[in-house]
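Structure record follows, encoded as structure tokens.
The values are calculated or read from the model by the stated rules, or taken from the named source; none is laboratory data. In this text, all values refer to a predicted model and were calculated from it rather than measured experimentally. Glycine also receives a Cβ, built like all others from the backbone with ideal geometry; neighbour counts cover every protein chain displayed.
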Amino acid sequence: MYENFFGMRNTPFVRNVPAGRLYRSPQIDDAIGRLKYTAKNQKFATVMAELGCGKSTLVRMFVNELPKDRYEIYLLFQHEYSANFLFTLWKRVRKYGAYCSGLTQNVEDLLQSHTARTMLANSEFIIMLNQAPTDKYEFAKLINISNEQMNYITDVNPGCGLIKVGSALVSFKNKFPRNTNLYKLMTSKPGEAIYG
């Protein structure tokens, strides 16, 4: 009712306001600047303050400014709040015809979390590339990969692996020409990538 009266495009005072639409006070800008410095220099930071003063909002705004191509999903499982948020999101978005995606270098980090294990076990689509020895056996048990299929994710070249779609597992080899700009945009190899 008041949205129309005041000509608002969004409903105010809700928990899920997009981080880009939140008010940026000088104090928030200063705190985000400090967090960016910490992240850039790979230092450790703790955000501490009184209850209700905006710590979660600050972190949401900071995360919104991080490069989207450098996230790894295991980081979200290090804290109960973010793990529960992601778990709920993972389950709910399918009801609306949407899909979540996650990326991690080592699945072992995810397998240490009961919440992450549940999510992986219930995921309809997973792409697996070369897996470390410590990762692959636990992961294989979780999503029912046979010993023969393990060969597709053991000591394989970049671009090779398995795709799980529903209950089906399909192997793939994806040789991509390295002398293209598209390769330089997509690769995750240090020294070969162009970050735009």
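The figures follow:
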quantity	calculated
Qualifying residue in segment 121-129 (condition: on the phi > 0 side of the Ramachandran plot, charged (D, E, K, R), in contact (Cβ under 8 Å) with a residue 24 or more places away in the chain and assigned to a loop (DSSP other than H, G, I, E, B))	no
Top-ranked residue in segment 72-103 [being within 22 Å of T134 (Cα to Cα) and surrounded by fewer than 17 Cβ atoms within 10 Å (Cβ to Cβ); ranked as modelled with the highest pLDDT]	Q78
Considering residues of segment 158-181 that are under 14 Å from E124 (Cβ atoms) and among the small types (G, A, S) only, the residue modelled with the highest pLDDT	A168
Only one of F176, F139 that is in contact with a helix residue (DSSP H, G or I) (Cβ under 8 Å, 6 or more places away or on another chain), among the aromatic types (F, W, Y) and surrounded by fewer than 15 Cβ atoms within 10 Å (Cβ to Cβ)	F176
Test: residue in segment 163-175 that is in contact (Cβ under 8 Å) with a residue 12 or more places away in the chain and in contact with a Ser or Thr (Cβ under 6 Å, 6 or more places away or on another chain)	no
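For every residue, the table says whether it meets (1) modelled with pLDDT under 80; (2) touching a strand residue (DSSP E or B) at 6+ places or on another chain (Cβ under 7 Å); (3) closer than 30 Å to S123 by Cβ; (4) surrounded by 11 or more Cβ atoms within 10 Å (Cβ to Cβ).
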| residue | (1), (2), (3), (4) |
| --- | --- |
| P12 | yes, no, no, no |
| Q27 | no, no, no, no |
| I32 | no, no, no, yes |
| L66 | yes, no, yes, yes |
| D69 | yes, no, yes, yes |
